[in-house]
Amino acid sequence: MTDLFAPLQMLLDTRHSCRAFRPDPVSEEVIERIVIAAARAPSWCNAQPWQVTVTRGAETDRFRAALLDAVAHEAPQPDLPWPESYPGPHGVRRRACGLQLYEAVGIARSDRTARAEQSMRNYHLFDAPHVAIIHSEAALGPYGAMDTGGFVTVFMLAATALGVGSIAQASVAAHAPMIRRHFDLPESRLVLCAISFGLPDPEHPANRFRTDRADLSEIYDPRG
């Protein structure tokens, strides 16, 4: 029997949220391979509620400009409610991730202006040459959204396997109405997140840190 665990573990260990990209476009062949792989994600009753809208070239720049304009002039209106809080260890992990990023790019904890500028990098799509808008069928509700989360995971793992960096961005989905208008998506599509992607810039300091993962004892509850 072929041992598939080792290459899977390598992909899981290698993937990270890429926050700086080279300007080179990803070939259409590679993009299609990523999407075809992501479409193998499991879903309830094989409903496959996901769809992905992918930009390239000038269309990425048009969307980036439209997104920045929405951030400046429109209140956030996500299709799904954002977390009310991050209790306990969830908040600890969230803060640790932010502090690691700020430290990597040389931003002091007290420098609120620089931290706000770094946060705005989300809406510049980290200068990625491509963005994938991930949306699901609204009628399938939270379970359709959960299934689409599997699509997002496989998309990013497939990208990693092909040398493509990526980052999933819920912040972009905060402007769901504008996204539907921009891409002429029907109201029946829930905008769940964006994935900015492209060839990673390994020399950029924002790509030089890695987040920790919870210990097995924190997530695993064996019974019997």
Residue satisfying all of: in segment 124-156; under 18 Å from Val54 (Cβ atoms) and hydroxyl-bearing (Ser, Thr, Tyr); surrounded by the fewest Cβ atoms within 10 Å (Cβ to Cβ) among these: Thr153
Answer residue from segment 79-95, given it is of a type in the set (A, V, I, L, M, F, W, C) and part of a loop (DSSP other than H, G, I, E, B) and is farthest from Ser171 (Cα to Cα) among those: Leu80
Residue check, Glu103 more than 30 Å from Arg33 (Cα to Cα) and surrounded by fewer than 12 Cβ atoms within 10 Å (Cβ to Cβ): no
Segment 79-95 - residue that is in contact (Cβ under 8 Å) with a residue 12 or more places away in the chain and more than 30 Å from Leu8 (Cβ to Cβ) and, of those, least open to solvent (accessible area, probe 1.4 Å): Asp79
Residues that are open to solvent by less than 50 Å² (accessible area, probe 1.4 Å), closer than 21 Å to Ala161 by Cα and either in a loop (DSSP other than H, G, I, E, B) or without any contact (Cβ under 8 Å) to a residue 60 or more places away in the chain (or both), drawn from segment 38-53: Ala39, Ala41
Cβ pairs under 8 Å, 6+ apart, first in segment 60-78 and under 12 Å from Ser171 (Cα atoms), second of a type in the set (D, E, K, R) and surrounded by 13 or more Cβ atoms within 10 Å (Cβ to Cβ): none
Single residue of Thr160, Thr153, Thr148 found to be at pLDDT 95 or above, in contact with a Pro (Cβ under 7 Å, 6 or more places away or on another chain) and hydroxyl-bearing (Ser, Thr, Tyr): Thr148
Boolean, Arg64 is modelled with pLDDT of 95 or more, assigned to a helix (DSSP H, G or I), buried (at least 17 other Cβ atoms within 10 Å of the Cβ) and of a type in the set (D, E, K, R): yes
Check on Arg56, closer than 17 Å to Ala159 by Cβ, assigned to a loop (DSSP other than H, G, I, E, B) and of a type outside the set (Val, Ile, Thr): yes
Extreme residue, farthest from Ala39 (Cα to Cα), among residues of segment 157-179 that are open to solvent by less than 20 Å² (accessible area, probe 1.4 Å) and part of a helix (DSSP H, G or I): Met178
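The values are calculated or read from the model by the stated rules, or taken from the named source; none is laboratory data. This structure is a prediction, so every number in the text was calculated from the model and none was measured. Here the Cβ is made from the backbone with ideal geometry for all residues, glycine too, and neighbour counts use every protein chain on show. Heavy atoms of the whole protein, side chains included, go into the accessibility calculation; ligands, DNA and RNA do not. Shrake-Rupley method; radii C 1.70, N 1.55, O 1.52, S 1.80 Å.
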